[in-house]
Amino acid sequence: MKDKTVAILESRLGNQIADLVRKHGGTPFVAPALAEIPDVDPAHIRELIDDWKSTPPDVFIFQTGVGARALFEATDGLGLTDDFLRLLNAAQVLVRGPKPTAALRSRKVRIDLAANAPFTTHEVLAELVNLRLMGKRVVVQRYGETNRELQAALAAKGAQVVEIKIYRWGLPDDTMPLQQLIGALDRDEIDLVAFTSASQAINLFAVAQQGGKEDSLRRSLGRTLVASIGPVCSATLRKLAVRVDLEAHPPKLAAFVDAINAAFTRASLLNKS
């Protein structure tokens, strides 16, 4: 991807993807398309903890720091933090990366398993390989949207999965980077747009619609390479009438960046031949 400009809509891992693009000689255009919006239902949290007192979970999986903190803020407000800490202490606790690790350690929670860098679902699943989960209760702290890959893997192991919704994905307060991206696409200044979730595509078109540029964006994307992290994201793009040029196999970050680099390499070789 040398000398190519790659648009990145990822929020949490945007800087990490940008670094990988630079490593391959490309120029990242970072325009986060998602914001984390608190969406905690205290009554539901109370019901869960009351239920867990009689049937304690066997494993807790924390995927984000903001989600872990929001969950503790909810239990603080309900006066249930001590109960929650006892449940965590009796279970195995798995964290996805340094941010949930820091949030849990601030509450003196013991961490049993920690995903390695780059802290994607692939690394979380690697930590679960040796766990016997048949019939076990596994609590997953959701991050914005359901992690379908993780859910499917847990179900395949026979786990009973309980998902806690702590926040949802919404539009960023500052949509200027997305507006600038739409303008850059219109001027053919972007070589490839990298979508790492379906919600990013939906939000990009929502911003375009606000400015009356939805059709223009669709035409611009038709002149630009479009990369998708996986089948769910690809399906959403196609519903938006956007052609998907390449998809990661498997749908993981490293494979995604490698596929993008390989696509540019193939195009360069074809141009030389």
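A few notes on this one:
- From the list 234, 220, 197, the one residue that fits, being assigned by TED's automatic domain parsing to the domain that holds residue 11, out of contact with any Lys or Arg (no Cβ under 8 Å at 6 or more places or on another chain) and modelled with pLDDT of 95 or more, is 220.
- Output for the stretch 171-214, where each listed residue is of a type in the set (A, V, I, L, M), within 28 Å of residue 265 (Cα to Cα) and part of a loop (DSSP other than H, G, I, E, B): 190
- Exclusive hit being part of a helix (DSSP H, G or I), free of Cβ contacts under 8 Å to residues at least 40 places away in the same chain and in contact with a helix residue (DSSP H, G or I) (Cβ under 6 Å, 6 or more places away or on another chain), set 237, 217, 221: 217
Let's see how each residue does on (1) without any contact (Cβ under 8 Å) to a residue 60 or more places away in the chain; (2) at positive phi; (3) surrounded by fewer than 19 Cβ atoms within 10 Å (Cβ to Cβ); (4) more than 16 Å from the chain's Cα centre (by Cα):
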{"site": "20", "(1), (2), (3), (4)": "no, no, no, yes"}
{"site": "37", "(1), (2), (3), (4)": "no, no, yes, no"}
{"site": "42", "(1), (2), (3), (4)": "yes, no, yes, yes"}
{"site": "53", "(1), (2), (3), (4)": "yes, no, yes, yes"}
{"site": "57", "(1), (2), (3), (4)": "no, no, no, yes"}
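- So residue 229, is it at pLDDT below 95, in contact with a strand residue (DSSP E or B) (Cβ under 8 Å, 6 or more places away or on another chain), over 28 Å from residue 23 (Cα atoms) and surrounded by 15 or more Cβ atoms within 10 Å (Cβ to Cβ): no
- When the stretch 112-126 is filtered for residues that are assigned to a loop (DSSP other than H, G, I, E, B) and either among the acidic types (Asp, Glu) or touching a strand residue (DSSP E or B) at 6+ places or on another chain (Cβ under 6 Å) (or both), only 112 remains.
- Residues of the stretch 252-273 that are in contact with a helix residue (DSSP H, G or I) (Cβ under 6 Å, 6 or more places away or on another chain) and either assigned to a helix (DSSP H, G or I) or modelled with pLDDT of 80 or more (or both): 257 alone.
- Check on residue 24, surrounded by fewer than 19 Cβ atoms within 10 Å (Cβ to Cβ), in contact (Cβ under 8 Å) with a residue 60 or more places away in the chain and more than 21 Å from residue 157 (Cα to Cα): yes
- Residue 181 being under 26 Å from residue 37 (Cα atoms) and over 20 Å from the mean Cα position of the chain (by Cα): yes
- Selection status of residue 162, closer than 26 Å to residue 146 by Cβ, modelled with pLDDT of 95 or more and more than 15 Å from the chain's Cα centre (by Cα): no
The values are calculated or read from the model by the stated rules, or taken from the named source; none is laboratory data. These figures come from a predicted structure and were not determined experimentally. Because the Cβ atoms are built from the backbone with ideal geometry, glycine has one as well, and the counts that use them run over all protein chains shown.
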